[in-house]
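Chemist: Take a look at the following structure, please.
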Amino acid sequence: MTVPTDPASDPSAEAASGPGEPATPPSSSGLGRNSLVMAAGTAASRLGGLVRNMMLVAAIGSAGTVANAFDVANKLPNVLFAILAGGMLNAVLVPQIVKAFRAHNAQERIDKLLTISAVGILAITAILTGASAWVVMLYTDGWTAEQLALGTVFAYWCIPQLFFYGLYTLLGQVLNAREQFGPFMWAPVANNVVSVIGFGVFLVVFGTAPELGINDLAEWDTPRTILLAATATLGIVAQALVLLVPLLRSGFRWNFRLGLRGIGLRSAGSVAIWTFAAVVLEQAGVLYLTRVAAEAGASGGAGVEFAGNAAYTQALLIYLLPHSLVTVSIATALFTGISKAAQEGDTDRVRADLSLGLRTVGVFTVFATAALTVLAAPATAFIVPTAGEEGTALIAPVLVALSFGLVPLGGMALMKWVYYAYEDGRSVFWITVPSTAALVAGLIAAQIWLAPQYWVIAAGAAYALSNWITVLLRTGGLRKKLGGRLDGGRVLALHAKTLLAAALSGLAGWGVYQLVGGFGALSFGSGWVLTMLSGLWVTALCGLAMLVVYVLLLRLFRVRELDRLLGPLLARLKR
């Protein structure tokens with residue numbers, strides 16, 4: 001899923017600073033400013049991503065054989081990156097880069113870290129691309145031979161994204177360590193531009209998919225496969241390579257240099273092993289969820305579609321918007337300061353920054369949970385209008401189930417990075433065991449007691465439950481690590497106030513939603529533009545009512561974290 005200080009918001013100022021200068025930890029006021037800068041980049045990339053996703057759904061639908069096959073194949077590089085590289089890069093590379101920039105041989109250490117990581121990811125990518133057929137079979141269940149064959153062809157085109165995801169992460173972490181934060185957040189815009197162009201060509205040449213997706217594979221041919229999958233992969237290539245521009249302009253040079261000696265990986269070996277084990281375990285749960293969703297999607301009869309992988313992915317995309325816009329920006333903003341404080345033994349600073357992050361994120365995620373719960377259907381119609389009435393009806397209940405895991409998602413993300421700052425991967429692994437077990441148990445229970453059309457909804461609920469288990473266990477672990485206290489009183493008081501305010505604002509929003517006609521107020525069957533506009537006005541009207549009630553109640557409850565979150569934005573508007 002580091003923060004710029006004031007000088008770093010100016011790329012020229014950052015370029016003038018030496019590579020050995022450490023990042024300055026954010027103050028509470030700087031956190032809001034810096035998070036706003038990064039959130040702006042994330043918002044722009046997410047907006048483009050929504051357009052990209054809308055065009056993709058128009059091309060292949062949000063359900064059906066082709067949509068589910070492409071969803072699994074295009075998801076594989078993300079899953080594989082999380083298993084094989086993502087966890088270790090976040091746990092090992094970021095702290096080592098922070099250390100390297102303060103070392104006397106900073107350039108040599110950075111060169112070796114980047115070279116070793118890039119070569120390793122390239123080798124893994126080549127092996128997994130060759131094993132595409134086995135990988136697709138591992139992540140699916142109940143598919144026909146024709147659907148497996150299509151998913152395998154998609155995977156041959158999509159799994160190479162793994163290397164470029166790795167390159168994007170490597171270059172982005174160097175930029176963050178140099179306090180150049182904007183490019184890393186804005187780079188996905190390049191992916192969106194390429195994807196929108198490619199999917200636009202697809203729609204012009206081949207037209208749109210039926211509302212229930214494409215199920216007759218006789219209508220699907222090789223040119224469609226190549227244009228769709230190659231577009232997705234070229235977007236990730238552009239996202240990675242565009243980061244070379246700010247790095248080169250700032251004077252940074254990456255020299256290909258192999259070698260392990262003198263770069264600090266020996267001390268990071270233990271955390272790497274435990275982190276790898278935790279990510280593998282976590283992704284084992286995702287694998288089982290993907291197989292359950294695949295079987296659910298394949299269980300529909302003639303003319304009847306059940307929510308499957310594609311519907312779950314659409315719900316997940318909407319669910320992650322608040323997380324990516326706010327939580328990731330704040331966590332990124334805090335991590336370099338927390339990592340530096342942990343290395344210096346400044347426990348009070350770590351505790352203060354973690355408390356600040358949890359409280360600031362909580363103001364937003366509690367409200368976002370209420371908004372997604374009340375407005376799941378109109379928000380889906382607005383964000384994915386090409387899904388149509390039936391697609392919206394499949395996606396919205398999954399979104400509601402997922403939304404109850406949004407608050408713990410923000411907390412667990414911040415806490416995980418604190419563990420990594422202390423190079424403690426072992427605790428992260430053991431906490432992952434019960435949370436993954438809860439996810440799998442929830443999925444098994446759904447398969448035993450529920451009909452297939454409810455499995456993906458249950459998957460969203462099981463995912464939310466696993467998030468709550470994770471955040472509670474990480475809270476207990478960090479309390480011990482940080483001297484027996486976590487500023488829990490202030491954090492709990494903040495969440496109690498926001499929960500009450502969000503509940504009352506949710507009631508207000510639900511009342512307005514029912515007054516305007518509820519689901520019946522959404523326009524389906526008249527084209528996706530009218531669907532999007534109907535979703536927009538219903539979401540905006542009800543959401544505005546919720547927001548007004550929420551903000552007024554937070555003012556009444558004297559929640560100061562709201563000022564910290566909105567202060568930089570209000571200051572810019574005044575100027």
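The values are calculated or read from the model by the stated rules, or taken from the named source; none is laboratory data. Remember, it's a predicted structure, so these values are computed and weren't measured experimentally. Positions of Cβ are backbone-derived with ideal geometry, glycine not excepted, and every protein chain shown enters the neighbour counts. Areas reflect the complete protein model, heavy atoms only, side chains present, ligands, DNA and RNA absent. Shrake-Rupley method; radii C 1.70, N 1.55, O 1.52, S 1.80 Å.
Chemist: Could you tell me which of the residues PHE184, PHE163 is open to solvent by 20 Å² or more (accessible area, probe 1.4 Å), under 22 Å from the mean Cα position of the chain (by Cα) and more than 12 Å from ILE236 (Cα to Cα)?
Modeler: Values: PHE163 fails: more than 12 Å from ILE236 (Cα to Cα).
Every option except PHE184 fails the conditions.
Chemist: Taking GLY151, is it open to solvent by 20 Å² or more (accessible area, probe 1.4 Å) and either acidic (Asp, Glu) or over 17 Å from ALA118 (Cα atoms) (or both)?
Modeler: Details: open to solvent by 20 Å² or more (accessible area, probe 1.4 Å): no; either acidic (Asp, Glu) or over 17 Å from ALA118 (Cα atoms) (or both): yes.
Taking the combined requirement at face value, the residue does not satisfy it.
Chemist: Out of region 137-148, which residues are in a helix (DSSP H, G or I) and either over 16 Å from VAL66 (Cβ atoms) or in contact with a strand residue (DSSP E or B) (Cβ under 9 Å, 6 or more places away or on another chain) (or both)?
Modeler: MET137, LEU138
Chemist: Sticking with this structure for a sec: So is ALA268 among the aliphatic types (A, V, I, L, M), at pLDDT below 80 and under 17 Å from the mean Cα position of the chain (by Cα) or not?
Modeler: It is false that ALA268 is among the aliphatic types (A, V, I, L, M), at pLDDT below 80 and under 17 Å from the mean Cα position of the chain (by Cα).
Chemist: Between a residue in region 132-155 that is hydrophobic (A, V, I, L, M, F, W, C) and any residue that is assigned to a loop (DSSP other than H, G, I, E, B) and surrounded by fewer than 21 Cβ atoms within 10 Å (Cβ to Cβ), which pairs come within a Cβ distance under 9 Å, given they are 6 or more apart or on different chains?
Modeler: TRP143/ALA298; LEU150/TRP220
Chemist: Quick check on this structure: which one of LEU544, LEU565, LEU554 is crowded, with 16+ Cβ neighbours inside 10 Å and modelled with pLDDT of 85 or more?
Modeler: Working: LEU544 fails: crowded, with 16+ Cβ neighbours inside 10 Å; LEU565 fails: modelled with pLDDT of 85 or more.
Sole residue among the options that is crowded, with 16+ Cβ neighbours inside 10 Å and modelled with pLDDT of 85 or more: LEU554.
Chemist: Please indicate, with yes or no, whether at least one residue in region 428-443 is open to solvent by 10 Å² or more (accessible area, probe 1.4 Å), of a type in the set (Phe, Trp, Tyr), out of contact with any helix residue (DSSP H, G or I) (no Cβ under 7 Å at 6 or more places or on another chain) and part of a helix (DSSP H, G or I).
Modeler: Within region 428-443 (the criterion being open to solvent by 10 Å² or more (accessible area, probe 1.4 Å), of a type in the set (Phe, Trp, Tyr), out of contact with any helix residue (DSSP H, G or I) (no Cβ under 7 Å at 6 or more places or on another chain) and part of a helix (DSSP H, G or I)), the answer is yes, since at least one residue qualifies.
Chemist: Filter region 504-524 for residues that are open to solvent by 70 Å² or more (accessible area, probe 1.4 Å) and touching a helix residue (DSSP H, G or I) at 6+ places or on another chain (Cβ under 7 Å) and give the result.
Modeler: LEU504, TRP510, PHE519
Chemist: Among the candidates LEU478, LEU472, LEU486, which residue alone is under 22 Å from THR347 (Cα atoms) and open to solvent by 50 Å² or more (accessible area, probe 1.4 Å)?
Modeler: Details: LEU478 fails: open to solvent by 50 Å² or more (accessible area, probe 1.4 Å); LEU486 fails: open to solvent by 50 Å² or more (accessible area, probe 1.4 Å).
Being under 22 Å from THR347 (Cα atoms) and open to solvent by 50 Å² or more (accessible area, probe 1.4 Å) holds for just one of LEU478, LEU472, LEU486, which is LEU472.
Residues are listed down the side, and each one gets a yes or a no for (1) modelled with pLDDT under 80; (2) part of a helix (DSSP H, G or I); (3) among the hydrophobic types (A, V, I, L, M, F, W, C):
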{"residue": "MET54", "(1), (2), (3)": "no, yes, yes"}
{"residue": "ILE83", "(1), (2), (3)": "yes, yes, yes"}
{"residue": "ASN90", "(1), (2), (3)": "yes, yes, no"}
{"residue": "VAL98", "(1), (2), (3)": "yes, yes, yes"}
{"residue": "GLN107", "(1), (2), (3)": "yes, yes, no"}
{"residue": "VAL119", "(1), (2), (3)": "no, yes, yes"}
{"residue": "VAL135", "(1), (2), (3)": "no, yes, yes"}
{"residue": "LEU150", "(1), (2), (3)": "no, yes, yes"}
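Chemist: Pick out the one residue from VAL418, VAL374, VAL400, VAL350 that is closer than 28 Å to GLU561 by Cα, surrounded by fewer than 24 Cβ atoms within 10 Å (Cβ to Cβ) and modelled with pLDDT of 85 or more. Before you say what the answer is, go through the steps one by one.
Modeler: On the way: VAL418 fails: surrounded by fewer than 24 Cβ atoms within 10 Å (Cβ to Cβ); VAL374 fails: surrounded by fewer than 24 Cβ atoms within 10 Å (Cβ to Cβ); VAL350 fails: surrounded by fewer than 24 Cβ atoms within 10 Å (Cβ to Cβ).
Going through VAL418, VAL374, VAL400, VAL350 in turn, just one is closer than 28 Å to GLU561 by Cα, surrounded by fewer than 24 Cβ atoms within 10 Å (Cβ to Cβ) and modelled with pLDDT of 85 or more: VAL400.
Chemist: Something else now. I need the full set of residues from region 201-235 which are part of a loop (DSSP other than H, G, I, E, B) and closer than 19 Å to PRO385 by Cβ, in order please.
Modeler: Once the filter is applied, which keeps residues that are part of a loop (DSSP other than H, G, I, E, B) and closer than 19 Å to PRO385 by Cβ, region 201-235 yields GLY207, THR208, ALA209, PRO210, GLU211, LEU212, GLY213, ILE214.
Chemist: I would also like to ask the following. Do any residues in region 476-503 that are of a type in the set (A, V, I, L, M) have Cβ atoms under 7 Å from those of residues that are open to solvent by less than 50 Å² (accessible area, probe 1.4 Å) and assigned to a loop (DSSP other than H, G, I, E, B), where the two are at least six apart or on different chains, and which pairs are they?
Modeler: Hits for this filter: LEU478/LEU486; LEU494/VAL559.
Chemist: Continuing with the same structure: Just give me the residues in region 121-133 being under 24 Å from LEU227 (Cα atoms), of a type in the set (Gly, Ala, Ser) and not in a loop (DSSP other than H, G, I, E, B), in sequence order.
Modeler: ALA126, GLY130, SER132, ALA133
Chemist: Are any of the residues in region 200-221 over 30 Å from LEU394 (Cβ atoms) and of a type in the set (D, E, K, R)?
Modeler: Looking only at region 200-221, we keep the residues that are over 30 Å from LEU394 (Cβ atoms), and these are none.
Among the residues of region 200-221, not one is over 30 Å from LEU394 (Cβ atoms) and of a type in the set (D, E, K, R), which makes the answer no.
Chemist: Also, quick follow-up: Cβ-Cβ below 8 Å, separation at least six or inter-chain, first residue in region 304-326 and closer than 16 Å to PRO378 by Cβ, second of a type in the set (D, E, K, R): which pairs?
Modeler: Qualifying pairs under 8 Å: LEU321/ARG46.
Yes/no per residue for (1) assigned to a loop (DSSP other than H, G, I, E, B); (2) at pLDDT below 75; (3) buried (at least 17 other Cβ atoms within 10 Å of the Cβ):
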| position | (1), (2), (3) |
| --- | --- |
| GLY251 | yes, yes, no |
| LEU258 | yes, yes, no |
| ILE263 | yes, yes, yes |
| TRP274 | no, no, yes |
| TYR319 | no, no, yes |
| ILE338 | no, no, yes |
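Chemist: Shifting gears a bit: Considering ALA278, ALA294, which residue is modelled with pLDDT of 75 or more, of a type in the set (A, V, I, L, M) and farther than 28 Å from LYS416 by Cα?
Modeler: Working: ALA278 fails: farther than 28 Å from LYS416 by Cα.
It is ALA294.
Chemist: Quick one: would you say PHE184 is part of a helix (DSSP H, G or I), among the aromatic types (Phe, Trp, Tyr) and under 16 Å from SER329 (Cβ atoms)?
Modeler: Values: part of a helix (DSSP H, G or I): yes; among the aromatic types (Phe, Trp, Tyr): yes; under 16 Å from SER329 (Cβ atoms): yes.
So PHE184 passes the test.
Chemist: Give ASN215, ASN176, ASN191 a once-over and let me know the one that is of a type outside the set (Ser, Thr, Tyr), touching a Phe, Trp or Tyr at 6+ places or on another chain (Cβ under 8 Å) and surrounded by 19 or more Cβ atoms within 10 Å (Cβ to Cβ).
Modeler: ASN176
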